[in-house]
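To start, the structure itself, in C-alpha cells.
The values are calculated or read from the model by the stated rules, or taken from the named source; none is laboratory data. What you are looking at is a predicted structure, and each value in this text was computed from that prediction instead of being measured. In this analysis, Cβ positions are derived from the backbone assuming ideal geometry, glycine residues included, and neighbour counts consider all displayed protein chains.
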Amino acid sequence: MPQNLPTTLVPELLRIVGVEGVLAARADLMVYECDGFVIEKNSPDVVVFPTCTEQVARVVRCCRDAGVPFVPRGAGTSLAGGCLPVGGGVMIVLTRMKQILEINTRDRYAVVQPGVVNIWLTQALRGTGLHYAPDPSSQGACTIGGNVATNSGGPHTLKYGVTVNHVLGVECVLPDGEIVCLGGPVDESPGCDLVGAMVGSEGTLAIVTKIWVRLTKNPQGYRTMLGVFDSVDDATNAISAIIGHGIVPAALEMLDQGIIVALEAAFQFGFPLDASAVLLIEVDGLEVGLDAQQQQIVELCRQQGAREVRLARDAAERARLWKCRKQAFGAIGRLSPSYCTQDGVVPRTQLPHILRRITEIGNRHRIRIVNVFHAGDGNIHPILLFDERDPEQVQRVLQASNEILEDCLACGGSVTGEHGIGVEKIGFMRRMFTADSLDVMARFRSALNPDNQLSPGKMLPTAAGCGLEMKGSHRKAAV
Amino acid sequence: MNQDPDPHLPHRSARTGLAAPDVSNPGSAIDYERFLDCVHCGLCTAACPTYVELGNENDSPRGRIYLMRGVTDGRIDLTPGVRRHLELCLDCRACETACPSGVQYGKLIEPFRVAMETTEPNGRGKTHDWFHRWILFGLFTQPRRMRAALVPARLLQRLRIDRWIEATGLWRLLPQRIGRLLTLLPRLGPRTPDLPSFLPAVGRRRARVVLFKGCVGDVMFGSTNWATARVLQANGCDVLIPESQVCCGAIHYHAGHSEPARELADQNLAALKPADVDAIVVNIAGCGSMLKDYGHHWHDGRQADRTAFAAKVRDVSEFLDELGLVSPPGPIPHKVTYHDACHLAHAQRVREAPRRLLRRIPELVIEELRESDLCCGAAGTYNLTEPEMADRLARRKLQNILETGVRVVVTGNAGCLLQIARESRLQGHVLRVLHPMDLLDLSYRNECLTI
C-alpha cells in the first residue's frame, strides 16, 4: 500500500470503480511507471480503470478532495513521457472506455470513447466509404483519447491535417470534477475555440471522456511510389522539388539506410539495402488526375538523381509498404536494446542541412542515429540508438538530442511535430517560447487546473524549473 | 521514487550466455537478451486478447514481459498476483505478429511458466491437481483411453440426453471443468475406423509424407484425419501413418511440465522417421506449432535431431500450398468465413495458404471475419483451466462470426473447432464448423455440404 496517500483514498476509489477497477499492489503498478519513453520512470501510487464519464468525474473529485495528483493514460505509447505520473498519485487509465458510441455516415461523424484504439474506428468504417484520417504510426495500438491529448499526426497529415482538424467536439471532466461538453457533431460553433485548446493540451486542462470526430471520404484511388536515392541530399532535394511544383502528396516519407536495413530484416519487403535513402510518396484523389501526377513525381525524382522509382502494384503491396513505414520505430529493437526517437520540425528546405547536422552530432557523441520521418512537412524523427543500462550512454543520447533540437529551433522550426512535450521536451519550452507566451499558457491552464493537480510536471515548465532538467543526474536510466 | 538500485548489473553476465539456473528465480534460465529485444513501444498491446478484454497492462504482452523481467531482476517478487497475470496469457502469440522488434514472446513466457511450475514448492502449482493429472495428461494424451471414455458420451448423445443437459444448464452442477468438457464435446458421429498405416498416392506420385494424427484430434475428429489423408492422396502423396506416434507433448509443455513433453517428443522422433519422408504433415495448428518448436525447447544431446525433425514439419495447408494444389473439381456453392487459429497464424505465420486453397474450390465464397486472428479462447486447454476469460473470448468470436451472416466457419485447429461449436450450441445458433481439409475433401469427392 502506498505510503504518502491519505488512508481513505483507496477505499473511496474502490467504492467508485469496484475491486476490479483498482490496482494498488507494487508489482501491479510497476508496468505503469513509464510509456514508450523509457528514460524517465516513476510509479503511480494507485491505478484506476473507470468505465464511464461519471466514474471519471467521481475519481477526479475524490483526488481533488484528497489533494492527490492525478494523470490520465491511454495505451501508453507516448514517446515523450506524456503518461508519466510525475509526483506519483492516481493514474486514471481509460482503456476500459472503449466503445464506438455512434457512427453517422450521412453527417460524417463518429462518437467514440477515449480508449478506442485508432485503427478500430477505421476498421468499423469498412464498407462505408469513409475513414478517420489521422493515422499515427502507432495507430494499431494508440487510443483516440491519446491522439486528442497530443494532437497526433501521421504520414497522411500532409494532405489531411492533424487530429485537431478532425475533432468536432469533446466531452471532458475538468480538474474540479465538473463534466462539460465542448463542440459537438456540427462543424462550426461560435465563440472561442475551446475544442481546439483542448486538443494537444496533453491532459493538463481536462480528461477527455467522449470525442466527436470528423469522418473523411475515402479517396477514389491511390498511387504509391518508392523513390530510391544514392544520397540523402538528393532525396531531400526531391522532396522540395515535389512540393515546389504544387503537388500535395497525401504522404511523403523519408527512410534512411539504417532504418531500411532494420525494416528489411523485420518485414522482407525487398527494400534496396544499398540505397542511402528512399522516399515513400503517395498521391490520392480522383482517379483521373492520378497518373499524370504520378508521372510528374517520377520525373522530378529522376531529375534530382533518383536511381529508380518503384510503383506499388496493388492494394496489398501498398498495405505492406505502409505497414513497414508505420512499424519502423518498433523495428529498431533489431538494431539496439533502447532507442530515443526525437521529434523536431524544420522548414522543408532546411532538411538537407538538418540531416547533415544530425550525422555530425551523432558522430561527435558516438551515438548511432537513423532517420525515418514525415519529410513532406519537415517533421524529422532522428532515432538515437543506445543501451539504457549504460548511464554514460544515456547522457550522451540526451546531449545529442538536445543539440539536434537546438538546431531545429535555430532553423526556425520546432521541438515537436506530433509527439508532444510530455516530460521529455519540457526543458525546451523556454527556448521555444518567450516568457510572455509561456505565462499566457500557464494562466490559461490555471483557469481550468488551478492547483495543477491534473498532470503536474507536464508540458509547461514550472516557475522554478530550469531548461536543463534533462541533464540532471537524477534522470538515470533505470528500468 | 525510482530508488531501486540499478538492477541490471548482476545480470550482465547473462548476456553472453545462460547463467547458471537459480532455482528460486524462474527467470534465471531465460536468455536475458530476449528481454532486451522489447523496446517498450506498446504496439503489441491491442493485439493481445486479454488486454483487449481487460484493459490492464499487466495482462498485455508488454506488461507481462515487464513483470517477468522485474522478477528476473529481483525488482518484484513472484507474488500470486504476478503469477495470475502470467497464467492468464493464452500463449496465442498474436503479440509476436504485431511486434516490429521481433520479440520472441513465446520463448519468454513458455520457459518462464515451466520454471514457475517447477519452483512452486511440493506440487502446489496450478497444474499439480487431479484434473491435470488424470484428465489432461492421463486421458487427453492417450487416444485409446480417450476412445473408451467417449463410449458413454456417445450413448448420451444417441439418447439426446446431452442436449437436455446443455439446454437445462444441468452441466453447471458437475465439477466445473468436467462440465465444460462435456459441453465441449462435438456431436460424435459413428466411430471412424482407424487410419491404416499406409495410403498410396492417387495418380502421379509427387511426394511422400507422414501424417501426424494428434491425440484428442484423432479421437474427436477422426473423420477430419481421414479427409486430410484423402486430400493428400488426391494431391499425389504417399501417406504414411505410423501407429507408434504419440501426443506432441503440447498439453504437458504448456502446463509447465517439460520432462514428460521431452519424452513424447523423442518417441515421435523415433516413430515418424523424418529422414525417410518429404514432410511431416499436421492438420492441427497447436500440434504443428509444438512439433516445429521441438528444436529449441530442450537443450541436450538430441537437440540436433529434434531440429532436423522440426525442419520437416508442415501444416497441411502450408504443405499443399507449397506443393501446388491439384484443382478440386466439385463445386461447393456456400459462403464461408475463415477463423485464423492462433497457432497457425501467429505461431506458424500461416495465413494466406489456407485461404488460397479454399479459393480454389469452385463456387465457394469466403467472407472476411472481423478480428479473424483474435484468439477464440480455446488456446489448447485454456478453455478448461481459465473458463472466465475463455468464455469472454468465445462470445466475442461468435459475435463477430454472426455479424458476417455466414453459417459455415472454417478453421485449422481442433481446439478452435470445439470452442466455436460449443459457444454456438450454448447460444442456440446453428453453425457448421469445419477444417479446410473437410471442405477440400468434399470437393475432391464431388459431395455436397449439408448444414
Give me the pairs, please: first residue somewhere in segment A:174-203 and outside the structural domain of residue A:68 (by TED's automatic domain parsing), second residue anywhere and assigned to a loop (DSSP other than H, G, I, E, B) and of a type in the set (D, E, K, R), beta-carbon distance under 8 Å, and either six or more positions apart or on two chains. A:175/A:451; A:185/A:107; A:202/A:458; A:203/A:458
Those residues of segment B:169-217 which are buried (at least 17 other Cβ atoms within 10 Å of the Cβ) and modelled with pLDDT of 80 or more amount to B:195, B:199, B:201, B:207, B:209, B:210, B:211, B:212, B:213, B:214, B:215
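Identify all residues within segment A:1-18 that are in a helix (DSSP H, G or I) and within 13 Å of chain B (Cβ to nearest Cβ); write none if there are none.
Quick first cut of segment A:1-18, residues in a helix (DSSP H, G or I) only: A:9-17.
A:17, the sole residue that qualifies.
Take residue A:213 and decide whether it is of a type in the set (A, V, I, L, M), touching a Phe, Trp or Tyr at 6+ places or on another chain (Cβ under 9 Å) and buried (at least 20 other Cβ atoms within 10 Å of the Cβ). Give the steps one after another, and end with the answer.
On the way: of a type in the set (A, V, I, L, M): yes; touching a Phe, Trp or Tyr at 6+ places or on another chain (Cβ under 9 Å): yes; buried (at least 20 other Cβ atoms within 10 Å of the Cβ): yes.
Judged against the criteria, residue A:213 is a match.
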Please work out which residue is farthest from the other protein chains (Cβ to nearest Cβ), limiting yourself to segment B:60-79 and to residues that are over 12 Å from residue B:95 (Cβ atoms) and touching a Cys at 6+ places or on another chain (Cβ under 9 Å). B:69
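Go through segment B:236-250 and give me each residue that's out of contact with any Cys (no Cβ under 7 Å at 6 or more places or on another chain) and crowded, with 24+ Cβ neighbours inside 10 Å. Before you say what the answer is, go through the steps one by one.
As a first pass, look at segment B:236-250 and keep what is out of contact with any Cys (no Cβ under 7 Å at 6 or more places or on another chain): B:236-246, B:249.
Passing the criteria: B:237, B:239, B:249.
Does segment B:23-43 hold any residues that are acidic (Asp, Glu) and within 7 Å of chain A (Cβ to nearest Cβ), and which are they? It would help to see each step written out before you state the result.
Looking only at segment B:23-43, we keep the residues that are acidic (Asp, Glu), and these are B:31, B:33, B:37.
Residue satisfying the conditions is B:37 alone.
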Has segment A:259-269 got any residue that is touching a Pro at 6+ places or on another chain (Cβ under 7 Å) and over 15 Å from residue A:237 (Cα atoms)? yes
In segment A:382-418, which residues are farther than 25 Å from residue A:138 by Cα, in a loop (DSSP other than H, G, I, E, B) and away from every other protein chain (no Cβ under 12 Å)? A:411, A:412
Selection from segment B:92-114 of residues that are out of contact with any Lys or Arg (no Cβ under 8 Å at 6 or more places or on another chain) and part of a loop (DSSP other than H, G, I, E, B): B:92, B:93, B:99, B:100
Looking at (1) more than 14 Å from every other protein chain (Cβ to nearest Cβ); (2) in a strand (DSSP E or B), which one does residue A:255 not meet, given that it meets all the others? (1)
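Are there any helices (runs of 4 or more DSSP H) wholly within segment B:281-330 with 3 or more residues that are touching a strand residue (DSSP E or B) at 6+ places or on another chain (Cβ under 8 Å), and if so which? I'd like the intermediate steps shown before the answer.
Details: elements: B:285-292, B:294-297, B:303-312, B:316-323.
Correct list: B:285-292, B:316-323.
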Does segment A:280-288 contain any residue that is more than 29 Å from the chain's Cα centre (by Cα) and not in a loop (DSSP other than H, G, I, E, B)? yes
Test set (1) under 15 Å from the mean Cα position of the chain (by Cα); (2) outside any helix (DSSP H, G or I); (3) surrounded by fewer than 24 Cβ atoms within 10 Å (Cβ to Cβ) - residue B:370 fails condition number: (1)
Restricting segment B:396-448 to residues that are of a type in the set (Lys, Arg) and assigned to a loop (DSSP other than H, G, I, E, B), the residue that is farthest from residue B:215 (Cα to Cα): B:407
Can you pull out the residues in segment A:20-33 that are in contact (Cβ under 8 Å) with a residue 40 or more places away in the chain and at the interface with chain B (Cβ under 7 Å from one of its Cβ atoms)? A:32
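How many of the residues in segment A:289-336 are more than 27 Å from residue A:140 (Cα to Cα) and either among the hydrophobic types (A, V, I, L, M, F, W, C) or within 13 Å of chain B (Cβ to nearest Cβ) (or both)? Quick ask: steps written out before the conclusion?
Narrowing segment A:289-336 to residues more than 27 Å from residue A:140 (Cα to Cα): A:289-309.
So of that shortlist, the ones also either among the hydrophobic types (A, V, I, L, M, F, W, C) or within 13 Å of chain B (Cβ to nearest Cβ) (or both) come out as A:290, A:292, A:297-298, A:300-301, A:306, A:309.
So the count comes out to 8.
Scan segment A:98-110 residue by residue and report those that are more than 21 Å from the chain's Cα centre (by Cα) and surrounded by 14 or more Cβ atoms within 10 Å (Cβ to Cβ).
Just the residues of segment A:98-110 that are more than 21 Å from the chain's Cα centre (by Cα), to begin with: A:99-110.
Answer for segment A:98-110, where residues must be more than 21 Å from the chain's Cα centre (by Cα) and surrounded by 14 or more Cβ atoms within 10 Å (Cβ to Cβ): A:99, A:100, A:103, A:108, A:109, A:110.
Within segment B:44-55, is even one residue polar (S, T, N, Q), facing chain A (nearest Cβ under 9 Å) and closer than 20 Å to residue A:330 by Cα?
From segment B:44-55, those polar (S, T, N, Q) are B:45, B:50; that's our starting set.
Among the residues that remain, those that are also facing chain A (nearest Cβ under 9 Å) are: B:45.
Cutting the leftovers down to closer than 20 Å to residue A:330 by Cα gives us B:45.
Yes, that holds for at least one residue.
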Do you know which of the residues in segment B:80-95 that are farther than 17 Å from residue B:342 by Cα, in contact (Cβ under 8 Å) with a residue 12 or more places away in the chain and charged (D, E, K, R) is nearest to the other protein chains (Cβ to nearest Cβ)? B:83
Considering (1) more than 8 Å from chain B (Cβ to nearest Cβ); (2) closer than 22 Å to residue A:111 by Cα; (3) out of contact with any helix residue (DSSP H, G or I) (no Cβ under 6 Å at 6 or more places or on another chain); (4) buried (at least 22 other Cβ atoms within 10 Å of the Cβ), say which one residue A:93 fails and leave the rest. (1)
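Could you list all residues from segment A:111-127 that are in contact (Cβ under 8 Å) with a residue 24 or more places away in the chain and either buried (at least 24 other Cβ atoms within 10 Å of the Cβ) or within 14 Å of another protein chain (Cβ to nearest Cβ) (or both)?
Step one: list which residues in segment A:111-127 are in contact (Cβ under 8 Å) with a residue 24 or more places away in the chain, which gives A:111-118, A:121, A:124-125.
Passing the criteria: A:112, A:113, A:114, A:115, A:116, A:117, A:118, A:121, A:124, A:125.
Only one of A:354, A:332, A:361 is over 26 Å from residue A:269 (Cα atoms) and buried (at least 23 other Cβ atoms within 10 Å of the Cβ); which? Walk me through how you get there before you give the answer.
Working: A:332 fails: over 26 Å from residue A:269 (Cα atoms); A:361 fails: buried (at least 23 other Cβ atoms within 10 Å of the Cβ).
Going through A:354, A:332, A:361 in turn, just one is over 26 Å from residue A:269 (Cα atoms) and buried (at least 23 other Cβ atoms within 10 Å of the Cβ): A:354.
May I ask you to verify whether residue A:84 is at the interface with another protein chain (Cβ under 10 Å from one of its Cβ atoms), in a loop (DSSP other than H, G, I, E, B), within 23 Å of the chain's Cα centre (by Cα) and more than 13 Å from residue A:207 (Cβ to Cβ)?
Working: at the interface with another protein chain (Cβ under 10 Å from one of its Cβ atoms): no; in a loop (DSSP other than H, G, I, E, B): yes; within 23 Å of the chain's Cα centre (by Cα): yes; more than 13 Å from residue A:207 (Cβ to Cβ): yes.
When the stated conditions are applied, residue A:84 does not pass them.
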Which numbered condition trips up residue A:286, out of (1) away from every other protein chain (no Cβ under 14 Å); (2) crowded, with 19+ Cβ neighbours inside 10 Å? (2)
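From the list A:83, A:52, A:62, exactly one residue is touching a Leu at 6+ places or on another chain (Cβ under 8 Å) and at negative phi. Which is it?
On the way: A:83 fails: touching a Leu at 6+ places or on another chain (Cβ under 8 Å); A:52 fails: touching a Leu at 6+ places or on another chain (Cβ under 8 Å).
Only one candidate passes the filter, namely A:62.
Please specify each residue of segment A:34-45 satisfying the condition of being charged (D, E, K, R) and either over 15 Å from residue A:88 (Cβ atoms) or within 7 Å of chain B (Cβ to nearest Cβ) (or both).
Within segment A:34-45, A:35, A:41 qualify.
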Residue A:49 fails exactly one of the following numbered conditions: (1) under 30 Å from residue A:342 (Cα atoms); (2) crowded, with 21+ Cβ neighbours inside 10 Å. What is the number of that condition? (1)
Filtered residues of segment A:166-190 (kept if small (Gly, Ala, Ser) and part of a loop (DSSP other than H, G, I, E, B)): A:177, A:184, A:189
